[in-house]
Amino acid sequence: MPIWICKTCGAHSALNDAPPPHCIICDDERQFVPEGGQAWIAREALISTHVNEWSELEPNLIAIGVSPAIGIGQRALLVLSPHGNVLWDCTPVLDGKTRDRILELGGIKAICPSHPHFYTGMVEWSEALGGVPILLPEADLAHVMRPSEHIQPWRGDRHEVLPGIVLHRLGSHFEGSSVLEWQAGAEGKGALLVGDTMQVVPARGWVSFMYSFPNLIPLPAREVRRIAGRVAEIRFDRIYGAWSDKLIASGAGESVARSAERYIRRLET
């Protein structure tokens, strides 16, 4: 049976001869169903037309994206460490060359998606790489489109994946929206991989926070204040977002604090 991929968000459905009538990710008010209606494409139809592209962002951090882009167009980030490798976020397609290359690098110990919009091909990646655990916040399990025995729910606000690699549940975009703290990143100053739990914006050195980015639904001031307080407890100097141009190379902790203050001020004025 084929793997059906939502054309709008890249989510994989449970295996079936026919695509499902709805995508629960796109039906949610944080995403959208296009004017032309829900559409799916079989994964097999993409094999000859789409590939994974790699780029090294810094030592031991590799970006992997699908070209041409599918759905939201986010990238996955592969963190290499002496204790094992971790995949942050996921993409809708995994090609054979990428699978082989990851295995040559020692495989991965865990897949850690930031939130449901980037679950996409997480089960395919897990199975292709040997049944890798998929670590999902318990709060977001209702958004899983393709169930798997490899999904391992976690509770609370903090979960150590490997030494020096820590998940932090911040909420905001989704109740389980998370960031990944990579303590060895940024030359040992620490890097935060954020997906779009916080969105790096075009203005240099700023981020923003939204309940829905495509539909421009803001978060309340109290939520932004809470998130900023949590982030202030994490040591980091750099932020990597979900797309190639989403980077704050240094001073990122101060950037988050300053951005939260501006957001709250605008809401409360």
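Key figures
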read-out	value
Exposure proxy order (Cβ contacts within 10 Å, fewest to most) of Val166, Val132, Val200	Val166, Val132, Val200
Alpha carbon convex hull of the range 197-269, volume per residue in cubic angstrom	86
Distance from the range 229-269 to the range 155-198 (C-alpha centre basis), Å	13
Around Glu254: net Lys/Arg minus Asp/Glu count, Cβ-Cβ under 14 Å	+4
Kirkwood Rh, Cα atoms: Rg over Rh of the chain	0.95
Theoretical ellipticity at 222 nm over the chain - DSSP helices of four or more residues, -39500 (n - 2.57) apiece, nearest 500	-5000 deg cm²/dmol
Relative exposure of Ser114, Ser250, judged by other C-beta atoms within 10 Å (fewest first)	Ser250, Ser114
Equivalent ellipsoid semi-axes - Cα gyration tensor, the range 97-232, angstrom	26, 18, 14
Rh by Kirkwood over Cα pairs, then Stokes-Einstein D for the range 32-151 at 1.002 mPa s and 20 °C, µm²/s	143
The chain, relative contact order [Cα under 8 Å, separation at least 6], %	14
Cβ-based exposure ranking for Val161, Val144, in which fewest neighbours within 10 Å come first	Val144, Val161
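Each reported figure results from applying straightforward, stated rules to the coordinates on display, with no laboratory input. Nothing here was measured: the structure is a model prediction, and the numbers come from that model. Methodologically, a virtual Cβ is constructed for each residue, glycine included, from the backbone with ideal geometry; neighbour enumeration extends over all protein chains shown.
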